[in-house]
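S.K.: Quick one: this structure, given as structure tokens, is what I'll be asking you about.
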Amino acid sequence: MELASTSFADGERIDLMYAEEGAGGQNISPALAWTDAPEGTKSFAVTIFDPDAPTGSGWWHWVAVDIPAEVTSLPEGASMPEGVREWVTDYGYAGYGGPCPPPGPAHRYIHTVYALPFEELPVPDDATSAQVRFTILANQLDSASTTGLFALPEQNSQDSPA
């Protein structure tokens, strides 16, 4: 499989508009498109993970499952197709949560699409995000990732306290 985005190039900077509102962004999900799903794919899942978050276990920004097999892209700011389930992220809400790292070096945001052998991931609606991610990883037919980088914009020196 291959995954690409017209919102950012692999290994390049993610624009501020995609960042979470707390970082000064608009919390708009990036465009994602994938190709070459393996035979037997009945649905897709999409995740975004920041392994550089200072939590000891990274930060989950998006966990969406049950994306129909005929869907091979999500446009910028996507509304999810009917039937898609989204889990609570580490922000504490379900749906896309953009980058919002602490001040310092850029973090990596790994966007991954997974091809799955079921139309509906076999987890209850009240499953934890960790249970969902485990089920995705344990059952994936294939996956593809693309990584964007984001750091908080540096403050203008005029805005800094004396």
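The values are calculated or read from the model by the stated rules, or taken from the named source; none is laboratory data. What you are looking at is a predicted structure, and each value in this text was computed from that prediction instead of being measured. FYI the Cβ positions are ideal-geometry reconstructions off the backbone, even for glycines, and counts take in every protein chain you see.
S.K.: Which residue is surrounded by the most Cβ atoms within 10 Å (Cβ to Cβ), if the candidates are limited to segment 125-138 and must be of a type outside the set (S, T, Y) and farther than 13 Å from D66 by Cβ? First the steps, then the outcome.
M.R.: To start, the set of residues in segment 125-138 that are of a type outside the set (S, T, Y) comprises 125-127, 130-134, 136-138.
Narrowing further to those that are farther than 13 Å from D66 by Cβ: 126, 130-131, 133-134, 137-138.
On the way: D126: 6, A130: 12, Q131: 13, R133: 20, F134: 13, L137: 12, A138: 7.
The extreme case among them is R133.
S.K.: Scan segment 94-111 residue by residue and report those that are surrounded by 16 or more Cβ atoms within 10 Å (Cβ to Cβ) and at positive phi.
M.R.: G95
S.K.: Looking at (1) crowded, with 21+ Cβ neighbours inside 10 Å; (2) aromatic (F, W, Y); (3) in contact with a Gly (Cβ under 6 Å, 6 or more places away or on another chain), can you tell me which one Y91 breaks?
M.R.: All conditions pass for Y91, except number (1).
S.K.: Pick out the one residue from T41, T89 that is in contact (Cβ under 8 Å) with a residue 12 or more places away in the chain and over 16 Å from the mean Cα position of the chain (by Cα).
M.R.: Selected residue: T41, the only one of T41, T89 that is in contact (Cβ under 8 Å) with a residue 12 or more places away in the chain and over 16 Å from the mean Cα position of the chain (by Cα).
S.K.: Does segment 72-87 include one or more residues that are crowded, with 16+ Cβ neighbours inside 10 Å and at pLDDT below 95?
M.R.: Within segment 72-87, one or more residues are crowded, with 16+ Cβ neighbours inside 10 Å and at pLDDT below 95.
S.K.: Something else about it: List pairs: first in segment 115-134 and more than 22 Å from T35 (Cβ to Cβ) and aliphatic (A, V, I, L, M), second surrounded by 17 or more Cβ atoms within 10 Å (Cβ to Cβ) and modelled with pLDDT under 95, Cβ under 9 Å, 6+ apart or cross-chain?
M.R.: Sorted first by the residue in segment 115-134, then by its partner, the list stays empty.
S.K.: When the residues of segment 26-48 are narrowed to those that are assigned to a strand (DSSP E or B) and touching a helix residue (DSSP H, G or I) at 6+ places or on another chain (Cβ under 9 Å), which ends up surrounded by the fewest Cβ atoms within 10 Å (Cβ to Cβ)?
M.R.: Here is the first cut: in segment 26-48, the residues assigned to a strand (DSSP E or B) are 32-35, 43-48.
Remaining after also requiring touching a helix residue (DSSP H, G or I) at 6+ places or on another chain (Cβ under 9 Å): 45, 47.
Details: A45: 26, T47: 24.
If we take residues in segment 26-48 being assigned to a strand (DSSP E or B) and touching a helix residue (DSSP H, G or I) at 6+ places or on another chain (Cβ under 9 Å), then T47 is surrounded by the fewest Cβ atoms within 10 Å (Cβ to Cβ).
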